[in-house]
Structure formats: structure tokens, C-alpha cells
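Data block below; observations after.
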Amino acid sequence: MTIIAFQLQAVRSRIERAAREAHRTASEIALLAVSKTFPASYIEEAHAAGQRLFGESYAQEGVKKVMALGGLPLEWHFIGPIQSNKTRLIAEHFDWVHSVDREKIAERLDAARPPDRPPLQVCIEVNVSGEATKHGVAPEALADLARAVSGLPRLRLRGLMAIPEATPDVQAQRRQFGRVRVLRDELAAAGIPLDTLSMGMSDDLEAAIAEGSTLVRVGTALFGQRERIQP
Ligand SMILES: *Cc1c(COP(=O)(O)O)cnc(C)c1O
């Protein structure tokens, strides 16, 4: 067994245990393998061990891998900050985008989504930590953005994504993830039901699952420490 296959099994076990403790079914929780900064060969290895969903944070690097691995039946998720001049690349090559936080970006993705592909599956990134440096729409502005995204024909709004402030305090992690769940419930009450909560990473996936995560984004625990912040 390769190291990546071994780590995949360990992460899947963590998901199963966290689901059990939350009285949930592990099959409700998707695992997104975050492969940013790692070579395509790592993705092939993870795929050989049964992994199908992969996440990338940098448009050009991600598209290179999508194209290099075009022969494999993988699902590609863009999870990084979106610059306007990268919307076409992202809309043409990815299946999902988790980091929409402005109407202008949503409109550009919608306009650039090729007609021969299914609608781009979208999560809106919400800033639940209140840190000024974080990306994501403020909770107060979420409903308006969700309504705008819902109206775009080439996008399909699926859920919310959040990257809470990193803290070793599990209760503090849960409070932040809980806020995302409440926002999802409030949108449902306002007539915008969503099926995806993209939350939880290597260090806090248990807390995210306890608060209702349906998709955890895991890099380090699968592929090891990233050497570079940016490729
Ligand atoms: C890099 C990244 C991850 C993975 O984080 P790890 O701590 O390595 O698991 C998850 N989500 C986003 C948005 C990321 O940029």
C-alpha cells in the first residue's frame, strides 16, 4: 500500500468516526482531496486508491492538472480566491467552484461557462470569523448574493463554504461551523434550499462534521505538508 492510500484510509476512518459520534451516516459526507502544490502523480495515486473528488486553489496550476489527467473520471473543485481575469479558465475546466463571494465574479463565471457542459456547481464562501483579511461574503450580505447567484442560468447554487479562523479549541471551531449551518437554515427558510456545506479541513474536520458538514476539504492529512504557499 502506498503512503497516499494509507493516509486516505486514515482520513476516511476519521470521517466515519466523526459521523458516528454525530449520529450521521458517513456516506452523507464527501471527501475532497486538496491537491494544490502537489504533482499530478499524487492525484493518480489517490485515484488508484479510490478517490474521485479533487480540489485546487490556483487557477493555472489546477487547469494544468485537469488537462494532464483528462483521461481519468475525476471531479474537479476550485476552492481558491478567484481573480476576475481567471474566471474563464475556471468556468471552462472545473465542475465546482466553492469560493464565490461577489456578484461580479458569479456573473463572469456564468457568462464563461461553455454551453456543452452542465451548469457550474457553486458554493458561496461566507466569512464567519469576521477577520478582515479573510475572503468570503459577510453574513449580512449573504441572502442577496445567494438570490443573485440563483438567478444565473449557467450556475447552480449548491451550498456554502467557510474557512473559519484556525484554533485548537474544538468548541470555538464548532461555534464557527455552527454559524454556517444556521445561515444555511435561514436561507432555506427564505426559499433558497441548499444541499452542501463545504467545511472542515485536516485539523478541524471532526468539528465540521459535528455541525453538519457535507463535504470536507483535506490536503495535508492526505498528501503531507505543502512546501510552498503558492506555486
Ligand atoms: C489548502 C486548503 C484546504 C486544505 O487544507 P489542509 O489543512 O491542508 O487540509 C482546504 N480548503 C481550502 C480552501 C484550502 O485552500
Need pairs with beta-carbon distance below 6 Å; first residue free of Cβ contacts under 8 Å to residues at least 60 places away in the same chain and within region 191-209, second open to solvent by 60 Å² or more (accessible area, probe 1.4 Å) and among the charged types (D, E, K, R); sequence gap 6+ or separate chains. A207/R174
Can you tell me how many residues in region 26-52 are in contact (Cβ under 8 Å) with a residue 40 or more places away in the chain and in contact with a strand residue (DSSP E or B) (Cβ under 7 Å, 6 or more places away or on another chain)? 10
Quick check on region 179-201. Is at least one of its residues within 13 Å of the ligand (Cβ to nearest atom), under 22 Å from E107 (Cβ atoms) and in contact with a Cys (Cβ under 7 Å, 6 or more places away or on another chain)? yes
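Under the condition of being part of a loop (DSSP other than H, G, I, E, B) and of a type in the set (V, I, T), which residue from region 118-176 is most open to solvent (accessible area, probe 1.4 Å)?
T133
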Pairs where the first residue, in region 161-182, is touching a residue at least 60 places away in the same chain (Cβ under 8 Å) and at negative phi and the second is within 16 Å of the ligand (Cβ to nearest atom) and part of a helix (DSSP H, G or I), C-beta under 9 Å, 6+ apart: M161/V180
Quick one: A148 ticks every box in (1) touching a strand residue (DSSP E or B) at 6+ places or on another chain (Cβ under 7 Å); (2) farther than 23 Å from G178 by Cα except a single one, so which number is it? (1)
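Rundown of residues vs (1) farther than 22 Å from V97 by Cβ; (2) out of contact with any Phe, Trp or Tyr (no Cβ under 6 Å at 6 or more places or on another chain); (3) modelled with pLDDT under 95, yes/no style:
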{"position": "T133", "(1), (2), (3)": "no, yes, yes"}
{"position": "E140", "(1), (2), (3)": "yes, yes, no"}
{"position": "L145", "(1), (2), (3)": "no, yes, no"}
{"position": "V149", "(1), (2), (3)": "no, yes, no"}
{"position": "L152", "(1), (2), (3)": "no, yes, no"}
{"position": "R158", "(1), (2), (3)": "no, yes, no"}
{"position": "M161", "(1), (2), (3)": "no, yes, no"}
{"position": "L183", "(1), (2), (3)": "no, yes, no"}
{"position": "A188", "(1), (2), (3)": "no, yes, no"}
Taking region 177-210, which residues are surrounded by fewer than 21 Cβ atoms within 10 Å (Cβ to Cβ) and part of a loop (DSSP other than H, G, I, E, B)? A190, G191, I192, P193, L194, D195, M201, S202, D203
Checking the conditions here, which among V100, V149, V137, V122 is within 16 Å of the ligand (Cβ to nearest atom), touching a residue at least 40 places away in the same chain (Cβ under 8 Å) and of a type in the set (V, I, T)? V100
Just need a number here: residues in region 58-81 that are within 16 Å of the ligand (Cβ to nearest atom) and without any contact (Cβ under 8 Å) to a residue 24 or more places away in the chain. 3
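The values are calculated or read from the model by the stated rules, or taken from the named source; none is laboratory data. Since we're looking at a predicted model, the values are computed, not measured. For neighbour counting, all protein chains shown are included, and Cβ atoms are generated from backbone atoms with ideal geometry for every residue, glycine included. Side chains included, ligands, DNA and RNA excluded: accessible areas come from the protein's heavy atoms. Shrake-Rupley method; radii C 1.70, N 1.55, O 1.52, S 1.80 Å.
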